[in-house]
Structures are given as structure tokens and as C-alpha cells.
1. Hey, can you tell me all the residues within region 342-376 that are out of contact with any helix residue (DSSP H, G or I) (no Cβ under 8 Å at 6 or more places or on another chain) and at pLDDT below 90?
2. Could you tell me whether region 285-297 includes any residue that is outside the structural domain of residue 73 (by TED's automatic domain parsing) and on the phi > 0 side of the Ramachandran plot?
3. Kindly indicate the residue of region 59-69 that is touching a helix residue (DSSP H, G or I) at 6+ places or on another chain (Cβ under 6 Å) and free of Cβ contacts under 8 Å to residues at least 60 places away in the same chain and also surrounded by the most Cβ atoms within 10 Å (Cβ to Cβ) among those meeting that condition.
4. When the residues of region 95-109 are filtered to those that are assigned to a helix (DSSP H, G or I) and touching a strand residue (DSSP E or B) at 6+ places or on another chain (Cβ under 7 Å), which remaining residue is surrounded by the fewest Cβ atoms within 10 Å (Cβ to Cβ)?
5. As an exercise: evaluate residue 264 against (1) without any contact (Cβ under 8 Å) to a residue 12 or more places away in the chain; (2) within 14 Å of residue 335 (Cβ to Cβ); (3) in contact with a strand residue (DSSP E or B) (Cβ under 8 Å, 6 or more places away or on another chain) and give the number of the one condition it does not meet.
6. Across region 120-163, which residue is surrounded by the fewest Cβ atoms within 10 Å (Cβ to Cβ) among those that are within 17 Å of residue 216 (Cα to Cα) and in contact with a helix residue (DSSP H, G or I) (Cβ under 8 Å, 6 or more places away or on another chain)?
7. Out of curiosity, is residue 209 outside any strand (DSSP E or B) and touching a strand residue (DSSP E or B) at 6+ places or on another chain (Cβ under 8 Å)?
8. For region 293-313, check the following and say yes or no: at least one residue is farther than 30 Å from residue 377 by Cβ and either out of contact with any helix residue (DSSP H, G or I) (no Cβ under 6 Å at 6 or more places or on another chain) or surrounded by fewer than 17 Cβ atoms within 10 Å (Cβ to Cβ) (or both).
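The values are calculated or read from the model by the stated rules, or taken from the named source; none is laboratory data. None of the values given here were measured: they were computed from a predicted structure. With ideal geometry, Cβ positions are generated from the backbone for all residues, glycine too; neighbour counts draw on all protein chains shown.
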């Protein structure tokens with residue numbers, strides 16, 4: 001199977017890498033996170049106007065670069081290398097995914113605003129009782145004339161403090177855990193009845209608890225078919241997992257490279273600790289985990305266009321590998337740096353925190369291992 005990139009994809013990678021090297025080093029990131037608004041709107045505008053990467057996976061008819069899943073993968077890996085907190089995943093990958101796949105009537109307008117940097121989306125799907133069961137919904141959207149009234153609570157909505165719009169899953173029919181009755185809505189964050197409690201996450205991102213109290217939306221807020229959107233949610237979340245795996249590859253690469261460089265400088269008994277054979281073996285194991293993660297991520301990205309079962313199996317397999325690699329590489333990076341690896345002044349600790357968060361994002365390692373097993377046994381049966 002050919003994993004080589006096109007010339008355009010390589011140029012995209014180089015463009016993003018060059019911009020981040022010049023404008024998003026560790027010290028600048030750290031300073032931005034310590035002062036309001038705790039992210040960099042100027043960088044987001046540069047993504048839109050200077051680099052044009054917010055249009056990477058959208059068709060040229062919509063004003064994008066005509067790319068797709070691979071372009072998302074390329075961008076996300078570079079964002080991972082610099083620990084970028086700006087909401088590319090939430091807005092372009094997840095928000096764009098819902099708009100592209102649902103047949104939403106207003107898709108071209110919203111996507112145009114995304115590409116211009118004017119619309120920022122956050123996906124409000126997780127609920128306290130649901131864990132990784134996406135159809136377990138207490139949030140409801142009840143018919144009210146031609147529109148709907150939404151009530152409920154969404155937990156840990158990453159990127160919501162930055163967002164202009166929320167993509168919300170809500171139950172329009174059926175029981176709390178039924179596959180049928182799941183609907184998706186596009187809601188303005190400033191709509192009457194929407195309240196948020198914002199907070200930072202351990203890896204420097206911002207999230208919100210989002211509460212909906214009698215939030216009225218029109219019929220045009222419905223994305224996809226009423227009550228039939230669970231398959232759409234699963235498809236977009238698989239795309240988000242694949243993109244997150246790509247980000248993890250960037251994080252893992254920096255963890256490995258940073259550790260390798262440190263062991264060449266740190267001395268014990270008058271020699272660099274990189275000369276110790278047992279540590280050389282450890283760093284080789286870290287490198288193997290990185291390379292396996294890259295291969296599995298490439299495979300998952302390629303399989304996103306396959307059938308639902310094949311797509312889900314490839315994505316879950318990649319997430320299992322990524323979860324194991326984030327734990328192994330991250331913990332070994334910290335151990336080889338010693339206690340100073342967890343200090344705020346050293347970048348390696350920040351990469352470790354991001355790797356730890358990625359390990360549980362959109363489903364833990366155990367969840368995706370069980371999912372892969374269930375899908376494989378189902379296919380065999």
C-alpha cells in the first residue's frame with residue numbers, strides 16, 4: 001500500500017510547520033495560556049487568511065483547498081508537534097464533518113465562515129452518565145411549532161469558550177439509550193437559555209459545562225434527519241479519532257526527540273546517560289511505539305472512506321495503539337528526564353499532559369479494544 005504524500009500535501013505540511021516554528025514556540029504558547037483569552041485569535045486568523053488551512057479538507061466549490069482526510073491528518077500532526085490549542089479539530093474536522101456529511105441546507109454558508117475564520121464550532125455531545133455511549137442522552141429537543149426546545153447538560157465541551165456555535169446531540173424520540181431518536185442541532189452559543197461554566201483542562205485547552213434551559217431553535221437548526229443521526233455521529237467521531245491519532249503522532253515524536261536530546265546532555269559518572277545500553281534500548285522501544293502509531297494512523301485515515309464496519313475497526317485499532325504509545329512513550333520520557341520533567345518550565349511535561357489527555361479522548365484504550373473485538377466478532381459471525 002502506498003503511503004507517500006502528494007506534492008501538495010507535502011507543501012501543506014511544510015507551510016504549517018514553518019509558520020508554527022516562527023510563531024508558536026513553547027514560550028509563546030506558555031505565555032498565551034497564562035493570560036486572557038487563554039488562546040491566540042491572531043493565530044486562528046492567520047490559519048484562515050495567511051495559511052488557508054481552515055479550508056484544507058473542503059472542496060474548491062466551497063472555497064476550500066479541495067483536500068480531505070489526509071489533509072486533516074497532515075495538519076493535525078503538525079499541530080500536535082507544537083501543542084496548538086486553537087480549535088482546528090473541533091471546528092474543521094468535527095464541525096466540518098457534520099456539515100459535509102449531513103446534507104445540511106446551510107452547510108455552504110457555515111463552511112464559508114469556518115474557512116474565513118469567522119465561525120468557531122464546538123461539539124457538545126458528552127453527558128455525565130454516558131461515558132462512551134454516544135446515544136445515552138438525557139438532553140432533549142422537543143417539537144415546538146416548526147422548531148424545537150432544547151433542555152439538558154453537556155459535559156467537558158472542549159473549545160466551547162472560544163466557540164460561536166455549538167453542535168449539540170439531543171434526543172427527539174425513544175428511550176434514553178435507544179439508537180433511534182438521536183438528532184443533531186447547530187445552536188448559536190449566544191442563544192437565550194445557553195449558559196456555560198468555563199475551565200482549563202490539564203493540557204492547556206479550555207472546556208465548558210454547557211447548560212440548555214428552554215433554548216428555542218428553528219427547524220433550520222436540525223442537522224441531518226430527525227431521530228436518525230446516530231450513524232452520522234459515529235462517522236464524524238471516527239474521523240475525529242483518526243485526526244486525534246495524527247495529533248498524537250506529532251506529540252509522540254516530540255516526546256521521543258526531546259528525550260533523546262536530553263539524554264545526550266545529561267551526564268552521570270562523567271558520561272552522557274545516552275551511552276548507557278539499557279537506556280538506549282528504552283529509547284528504541286519508544287521509537288518503535290512512535291513508528292507503529294504512525295502506520296496505524298495512516299491506515300485508519302485511508303479506511304475512513306470504507307464501510308462503516310471497516311472504518312470503525314481501523315479507527316479503533318489505531319486508537320488502541322495510540323493509547324498504548326501515549327502511556328509508554330510519555331511515562332518513559334518523564335522517567336528519563338527525572339522529576340524536572342514535570343515542571344512547568346520544561347516542554348516535555350506539557351507534551352506528557354497532552355499525551356495523557358489524548359489517551360482517553362473519544363474513548364479509552366479499553367473501550368476501543370472492546371469495540372474492535374465486538375466489530376470483528378460480529379463480522380465473523
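1. 345
2. If we filter region 285-297 for residues that are outside the structural domain of residue 73 (by TED's automatic domain parsing), which is where we start, we get 285-297.
Checking the rest, the ones that are also on the phi > 0 side of the Ramachandran plot come to none.
The answer is no; no qualifying residue exists.
3. Looking only at region 59-69, we keep the residues that are touching a helix residue (DSSP H, G or I) at 6+ places or on another chain (Cβ under 6 Å), and these are 62-66, 69.
Checking which are free of Cβ contacts under 8 Å to residues at least 60 places away in the same chain leaves us with 62-66.
Working: 62: 18, 63: 16, 64: 23, 65: 18, 66: 14.
Applying the filter and picking the extreme gives 64.
4. So the first thing to find is which residues in region 95-109 are assigned to a helix (DSSP H, G or I), and the list is 95-102, 107-109.
When the remaining residues are screened for being touching a strand residue (DSSP E or B) at 6+ places or on another chain (Cβ under 7 Å), the result is 95, 98, 102.
Numbers: 95: 27, 98: 25, 102: 19.
This residue is 102.
5. Of (1) without any contact (Cβ under 8 Å) to a residue 12 or more places away in the chain; (2) within 14 Å of residue 335 (Cβ to Cβ); (3) in contact with a strand residue (DSSP E or B) (Cβ under 8 Å, 6 or more places away or on another chain), only one is false for residue 264: (2).
6. 146
7. Numbers: outside any strand (DSSP E or B): no; touching a strand residue (DSSP E or B) at 6+ places or on another chain (Cβ under 8 Å): yes.
Answer is no for this residue.
8. Quick first cut of region 293-313, residues farther than 30 Å from residue 377 by Cβ only: none.
Checked against the condition, which is being farther than 30 Å from residue 377 by Cβ and either out of contact with any helix residue (DSSP H, G or I) (no Cβ under 6 Å at 6 or more places or on another chain) or surrounded by fewer than 17 Cβ atoms within 10 Å (Cβ to Cβ) (or both), region 293-313 yields no hits at all.
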